[in-house]
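Asker: Pasting a structure here, questions to come.
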Amino acid sequence: MRIASWNVNSIRARQDRIGAWLDRSDVDVLAIQELKCKDEQFPKDLFTSRGYEVSFHGLNQWNGVAIASRVGLEDPEIGFTDIPSFGEEPVVEARALSATCGGVRVYSLYVPNGRELDHPHYTYKLEWYRALTADISAQLRETPDKKLVLCGDFNVAPLDEDVWDMAEFDGLTHVSEPERQAFKTLLDAGLSEVTRQFTPGPGVYTFWDYQRLAFPKKKGMRIDFELASPSLAAQVTGAEIDREERKGKGASDHAPVIVDFEV
């Protein structure tokens, strides 16, 4: 089974590129982040016309997650246990969706950015990680052999080599010790990051800002991952980052991350 994760940065703006990519990528499941649309605006036919079932959750022009599958899509669920809210009038944002696809529980996650180290959004981000970790830990304690994969934009660069220059990130989010520790604690719940062994760095990224010619200057960040449970991680046969999809007119600022499982 081929499972991909992609922050598309507006699914409506990216429809033609997503369709063309699906036609050539041969993915069985695609976890999508940053839809930037309400449910009634979601382009469902983009997927159903290609034989994919699709579940999606979008509330406004920000956030939004979806899962498209051609190997079945069962029991879709929005959020996770005790998912935190954010805002002056607290709202549970559209950042987490899961479904069972071909016997694998697939999550599409768009972890909060954090914005600045002293911003309430940074505290929210750490709380979001804590709640997610508690939920996944409980699932794997109850069912140790459960096939589960967390796909998404984790908004953390776990290693120094995951950004083009650590000096440029001094005092910024994505590389702070609490964020990196939150990501590590999630892994310690029983998950393995399954892309790096096939796409080792340094200089291997999944995101490049639109500004200041970041992509041609290779000023990127590695923040998109797939985290698999033990029984599923044992079935990984390969992984790639489709850097070519970041090129050209109308590209997302993230590249698709693809993992092959012998499921």
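The values are calculated or read from the model by the stated rules, or taken from the named source; none is laboratory data. This structure is a prediction, so every number in the text was calculated from the model and none was measured. Positions of Cβ are generated from backbone atoms using ideal geometry, with glycine treated the same way; all protein chains shown enter the neighbour counts. Just the protein is used for accessible areas: all its heavy atoms, side chains included, with ligands, DNA and RNA removed. Shrake-Rupley method; radii C 1.70, N 1.55, O 1.52, S 1.80 Å.
Asker: Could you work out how much longer the chain between Leu159 and Asp242 gets when fully extended? Use 0.36 nm per residue separation minus the Cα distance between them, nm to one decimal.
Answerer: 27.8 nm
Asker: Also: Can you tell me what share of the DSSP beta bridges in region 94-188 is antiparallel? A percent to the nearest 5 is fine.
Answerer: Roughly 50 percent of the DSSP beta bridges within region 94-188 come out antiparallel.
Asker: Please report the relative contact order for the chain, taking Cα pairs under 8 Å with a sequence separation of at least 6, and give it as a percent rounded to a whole number.
Answerer: Answer for the chain is 19 percent.
Asker: Considering only the other residues whose Cβ falls under 13 Å of the Cβ of Asn9, what net charge follows from Lys and Arg at +1 and Asp and Glu at -1?
Answerer: Values: positive: Arg12, Arg14, Arg17, Lys36, Arg246; negative: Glu34, Asp153, Asp209, Asp224, Glu245, Asp253.
Combined, the nearby Lys, Arg, Asp and Glu give -1.
Asker: While we're looking at this one, here's another question. Could you give the accessible area per residue of region 2-261, probe 1.4 Å, as a whole number in Å²?
Answerer: 43
Asker: Expressed as a rounded percentage, what relative contact order does region 122-189 have, with Cα pairs under 8 Å and six or more residues apart?
Answerer: For region 122-189, the relative contact order is 47 percent.
Asker: Same structure, new question: Tell me, how many Å apart are the Cα centres for region 1-63 and for region 142-176?
Answerer: Using only Cα atoms, the two centres lie 23 Å from each other.
Asker: Compute a Gaussian network model of the chain, connecting alpha carbons closer than 10 Å, and tell me which residue from Phe47, Phe198, Phe207 fluctuates the most.
Answerer: With Cα springs under 10 Å in the chain, the top fluctuation among Phe47, Phe198, Phe207 is at Phe198.
Asker: Pull out the extension gain between Glu142 and Thr123, defined as 0.36 nm times the separation in residues minus the alpha carbon to alpha carbon distance; nm, one decimal.
Answerer: Contour length minus the Cα-Cα distance gives 3.9 nm.
Asker: To continue, here is another question. With labels modelled as points extended 7 Å from the Cα through the Cβ direction, what inter-label distance (nm, one decimal) is found for Lys217 paired with Leu172?
Answerer: 1.1
Asker: Further, regarding this structure: Taking the alpha-carbon distance from Lys217 and a cut-off under 27 Å, which lysines remain once sequence neighbours fewer than 8 residues away in the same chain are dropped?
Answerer: Within the straight-line cut-off, Lys217 pairs with Lys247, Lys249.
Asker: Same structure, new question: Computing the accessible area with a 1.4 Å probe over protein heavy atoms, can you report the carbon and sulfur percentage for the chain?
Answerer: 47
Asker: About the Cα centre, and with charges only on the beta carbon of Lys, Arg (+1) and Asp, Glu (-1), how big is the dipole of region 2-261? Nearest 20 debye, please.
Answerer: Dipole of region 2-261, to the nearest 20 debye: 700 debye.
Asker: Where both partners of a DSSP beta bridge lie in region 2-261, what percent of those bridges are antiparallel, to the nearest 5?
Answerer: DSSP beta bridges in region 2-261 are roughly 80 percent antiparallel.
Asker: Continuing with this model, one more query. To the nearest 500 deg cm²/dmol, what mean residue ellipticity at 222 nm is calculated for the chain from DSSP H runs of n ≥ 4 alone, each contributing -39,500 (n - 2.57), summed and divided by the residues?
Answerer: -6000 deg cm²/dmol
Asker: State the label only: which of (i) 13.0; (ii) 14.7; (iii) 18.6 corresponds to mean projected area of the Cα convex hull in nm² computed from the shown model?
Answerer: Answer label, from the structure shown: (i).
Asker: Taking a cut-off of 21 Å between Cα atoms, list the lysines near Lys146, but don't count ones fewer than 8 places away on the same chain.
Answerer: Straight-distance partners of Lys146: Lys184.
Asker: Could you calculate the FRET efficiency of Asp16 with Tyr210 from 1/(1 + (r/R0)^6), where r is the beta carbon distance between them and R0 is 25 Å, rounded to 0.05?
Answerer: Between Asp16 and Tyr210 the formula returns 0.85.
Asker: Would you work out which of Ile241, Val156, His57 lies farthest towards the positive end of the dipole of region 2-261? Charges go on Cβ: Lys and Arg +1, Asp and Glu -1.
Answerer: Towards the positive end, the residue furthest out is Ile241.
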